[in-house]
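Read through the structure below, which is laid out as structure tokens, and then see the notes.
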Amino acid sequence: MLAPGLYVHVPFCVHKCGYCDFNSWAEESREPQERWLRALERQVNFWSKRPETAPAPGFDTVFWGGGTPSLLQPDILERAHALLRDQFLVAPGAEWTLECNPETLDSSRLQHLHDLGVNRISIGIQSFEDIYLDRLERRARRADNLRVLELVAKEWKGRWSLDLMFGLPEQSPARWDAELTQALAFQPSHISAYQLTLTTARSKNWKQPDTDTLLAMFDIAENRLGHAGLAKYEVSNFAKPGEESRHNFKYWRLEPFLGLGPGASGLLAPSQIPDSLNRGRFGAHQKQPDTFEKWENAAGQELAELGTLLSSRSGREHLEEFLMMGLRLREGLDLSRFGDRAQDLGVIFEREQVFGNIEIVGSRARATHQGERVLDSVLQRLFTEIEKIPPTNLDSASFDPIF
Ligand code: SF4
């Protein structure tokens, strides 16, 4: 089995942003952080006693996501970090990423993260225009974003990435271009550029750019960042060679990862699942109880809960997820993973190849420039094709030996 990743969710933020649908809430006080740590300890105790969770050489990526992990009190983060490092097998040279927001970063916090062993930070900048930061209800302002990026570019000793958003209300391609120019001035080696998506409730007073404008923004990002040496390697992610997020590759390549913390999910291979449970041919999705309090109560007693917290996956689900995640990647899908069933997959791509949306290069299938822009409709048609494959073929033992 490939080395799994570890995701740890920290649900706290300085402030709840207006567009945010993540499992997070505004909470800066110490007491909930203590409770979070105590429950996390119980969860880590449970999983670390199961060596199959991370067989040698152990986890090769650890990702602190949120929420805003960088707002944890330094001693709490330190104890949580030591807990993972001491109780789990983590491979030497593992990627340790921590998500940060500008309002929680200063020189001493950066030094502290470095001393702990965090070797990659991902900073939520989103925009350099106060008018957008206001509308997004972000806490940081343009001046904070600039201050933090200057600091990181000058003092941070590890790898780093920044997040930007496009498709903001009434944003023009020229204004998006200006955002990229400002980001590139700090010479980042990785940028995530996400299109703003709004829930219906929140979108009432927002006028988002039309589809043509959004497509123009996609192209601007690809061209501007490409010229700066940051190649697009996933629909929303750009990096210099070797600077890609190793942890996020696990999601897109459908590789196993364990999720801990109240809002974490995971994907476990059959070999990581206790014998007493249905291990399934394609492993299971791992989820957490639906509230912080329930998560807190269940943490550490997971064997009793696992039956409900793990949902095993069928061959069809596995294949649909494989397409949904893998076609986001520039490298595309590795069809050779499917052994003697690769032919079944070749067939489902035929029509999309004719439309010019998918190309097959060697043993890989990937979305073309055109296909990437209409990926949702391409996927819907591919799912219809999958319906035609007999379930027995999808569930056969030779189908995707990685699981
Ligand atoms: S900082 Fe991130 S996780 Fe927290 S509320 Fe804002 S968007 Fe959501």
Taking the range 122-158, which residues are outside any loop (DSSP other than H, G, I, E, B), within 14 Å of the ligand (Cβ to nearest atom) and crowded, with 16+ Cβ neighbours inside 10 Å? S122, I123, G124, I125, Q126, Y132, L133, R135, D144, N145, V148
Could you grab me the full set of residues in the range 263-275 that are surrounded by fewer than 20 Cβ atoms within 10 Å (Cβ to Cβ) and touching a residue at least 12 places away in the same chain (Cβ under 8 Å)? S265, P270, S271, P274
Any residue in the range 290-302 that is under 18 Å from N23 (Cα atoms) and assigned by TED's automatic domain parsing to the domain that holds T53 sitting within a Cβ distance under 9 Å of a residue that is modelled with pLDDT under 85 and aromatic (F, W, Y)? List the pairs, counting only those 6 or more apart or interchain. none
Go through the range 177-289 and tell me which strands (runs of 3 or more DSSP E), entirely inside it, have 2 or more residues that are under 26 Å from S24 (Cβ atoms) and of a type in the set (A, V, I, L, M). 190-195, 257-260, 266-268
When you scan the range 9-29, do you find a residue that is assigned to a helix (DSSP H, G or I), away from the ligand (no atom under 15 Å from the Cβ), free of Cβ contacts under 8 Å to residues at least 40 places away in the same chain and over 21 Å from Q286 (Cβ atoms), even just one? no
Hey, P188 buried (at least 23 other Cβ atoms within 10 Å of the Cβ) and either in contact with a Phe, Trp or Tyr (Cβ under 8 Å, 6 or more places away or on another chain) or among the aromatic types (F, W, Y) (or both) or not: yes
State which residue is farthest from S108 (Cα to Cα) when the search covers only the range 60-83 and only residues that are surrounded by fewer than 20 Cβ atoms within 10 Å (Cβ to Cβ) and not polar (S, T, N, Q). L83
Taking interchain pairs and intrachain pairs at least six residues apart, which have beta carbon atoms under 7 angstrom, with the first residue in the range 350-362 and over 14 Å from R330 (Cβ atoms) and assigned by TED's automatic domain parsing to the domain that holds E372 and the second aromatic (F, W, Y) and part of a helix (DSSP H, G or I)? I360/F349
Complete set of residues in the range 290-340 that are part of a helix (DSSP H, G or I), of a type in the set (K, R) and at pLDDT 85 or above: K294, R316
For the range 47-59, indicate whether the set of residues that are surrounded by fewer than 21 Cβ atoms within 10 Å (Cβ to Cβ) and touching a Lys or Arg at 6+ places or on another chain (Cβ under 9 Å) is non-empty. no
Could you give every pair whose Cβ atoms fall below 8 Å, whose first residue belongs to the range 179-198 and is assigned by TED's automatic domain parsing to the domain that holds E244 and of a type in the set (A, V, I, L, M, F, W, C), and whose second residue is exposed (fewer than 15 other Cβ atoms within 10 Å of the Cβ) and in a helix (DSSP H, G or I), counting only separations of at least 6 or pairs across chains? F186/E150; F186/A153
Total residues in the range 289-311, condition over 25 Å from L37 (Cβ atoms) and under 21 Å from the mean Cα position of the chain (by Cα): 1
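Yes/no matrix, rows are residues, columns are (1) touching a strand residue (DSSP E or B) at 6+ places or on another chain (Cβ under 6 Å); (2) farther than 26 Å from L267 by Cβ; (3) among the β-branched types (V, I, T); (4) away from the ligand (no atom under 16 Å from the Cβ):
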site: A3; (1), (2), (3), (4): yes, no, no, yes
site: L40; (1), (2), (3), (4): no, no, no, yes
site: P51; (1), (2), (3), (4): no, no, no, yes
site: G93; (1), (2), (3), (4): no, no, no, yes
site: E99; (1), (2), (3), (4): yes, no, no, no
If you go through D219, D275, the only one that is assigned by TED's automatic domain parsing to the domain that holds A91 and out of contact with any Cys (no Cβ under 8 Å at 6 or more places or on another chain) is D219
Could you please give the count of residues in the range 64-79 that are assigned to a strand (DSSP E or B) and either away from the ligand (no atom under 14 Å from the Cβ) or aliphatic (A, V, I, L, M) (or both)? 0
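The values are calculated or read from the model by the stated rules, or taken from the named source; none is laboratory data. Just so you know, these numbers come straight off a predicted model, no measurement behind them. Cβ coordinates were reconstructed from backbone atoms using ideal geometry, including for glycine residues, and neighbour counts include every protein chain displayed.
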